[in-house]
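To keep things clear, I will list the structure first and then write my remarks on it.
The values are calculated or read from the model by the stated rules, or taken from the named source; none is laboratory data. In this text the structure is predicted, and so the values were computed from the model without any measurement. Positions of Cβ are generated from backbone atoms using ideal geometry, with glycine treated the same way; all protein chains shown enter the neighbour counts.
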Amino acid sequence: MSKKEELKNEAKENLDEKTEKKEVTNEQEELDKEIKIDKKEKAKEAIKDARKKQGKFIKEFKEFALKGNVIDLAIGVLIGGAFQSVVTSLTNNIISPILGLFGGVNFSEYSLKIGKLNLAYGAFFTDIINFIIMAFVIFLIVKFINKLSNIGHKEETVEVTTKICPHCQSEINIKADRCPHCTSELEIEEKENI
C-alpha cells in the first residue's frame with residue numbers, strides 16, 4: 001500500500017471512530033433526556049400525591065375540629081379553667097384556714113428545708129385538696145347532667161323469650177311444653193297480667 005492509501009485509510013478510520021463516538025454521544029444524550037423527562041414526570045406525580053394527601057389531611061382536620069364533641073371539649077376546658085380559680089380560692093382562703101385551726105397553722109405554710117432546697121409539702125397538700133374538690137364537683141355535675149338526660153326516658157323491659165330446661169339445662173323457647181333436646185315434658189308457666 002502506498003503512503004497515500006494508508007493516510008486515506010487512517011483518515012477513514014478516524015472519521016469512522018468520530019462518527020461512532022458521535023452516535024454513542026447522541027444515544028447517551030437521548031437516554032439522559034429520557035431519564036430527565038422520567039424524573040420530572042415522577043416528581044410531578046409525587047407533588048400531585050402530596051397535594052391530594054394534604055387536601056385529605058386538611059379535610060379530616062376540618063371534620064374533626066368542627067365536630068360537636070371537640071367544641072364541647074373546648075368549652076369544658078375554658079369553663080374548667082375558670083372554675084379552677086374558684087376552687088383554688090375556696091381551698092386557700094376558706095378550707096385551709098379552717099383545717100389550720102385544728103393544726104394551728106395554715107397548711108400552705110408547711111415546708112421542709114434541706115440546705116438551700118425548700119420543699120413546700122404544705123402547698124402540695126393544698127393542691128391535693130384542690131384536686132379532690134375539683135373531682136368531687138365534676139362528679140356531681142356529671143351525675144346531675146346524666147339525671148337530666150334520663151328524664152322522660154322510660155326503661156325498656158326486655159321480654160323474656162327463652163327458659164332453661166330443668167332436666168338437661170338447655171336453653172329452649174319459653175312457649176315449649178316439651179324440651180327439644182331431652183324430650184322431657186315441661187310445665188307451661190302462665191304469666192298473670194297485672
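See the values below:
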item: Matching residues, the range 112-165, being surrounded by 10 or more Cβ atoms within 10 Å (Cβ to Cβ), in contact with a strand residue (DSSP E or B) (Cβ under 8 Å, 6 or more places away or on another chain) and more than 27 Å from S85 (Cα to Cα); result: T162, K163, I164, C165
item: In the range 80-100, the residues that are within 14 Å of A135 (Cα to Cα) and of a type in the set (V, I, T); result: V86, V87, T88, T91
item: Verdict on G68 being surrounded by 10 or more Cβ atoms within 10 Å (Cβ to Cβ) and at pLDDT below 80; result: no
item: Conditions (1) assigned by TED's automatic domain parsing to the domain that holds I145; (2) of a type in the set (D, E, K, R); (3) over 37 Å from the mean Cα position of the chain (by Cα); number of the one not met by D127; result: (3)
item: Flag if A74 is part of a helix (DSSP H, G or I) and more than 19 Å from the chain's Cα centre (by Cα); result: no
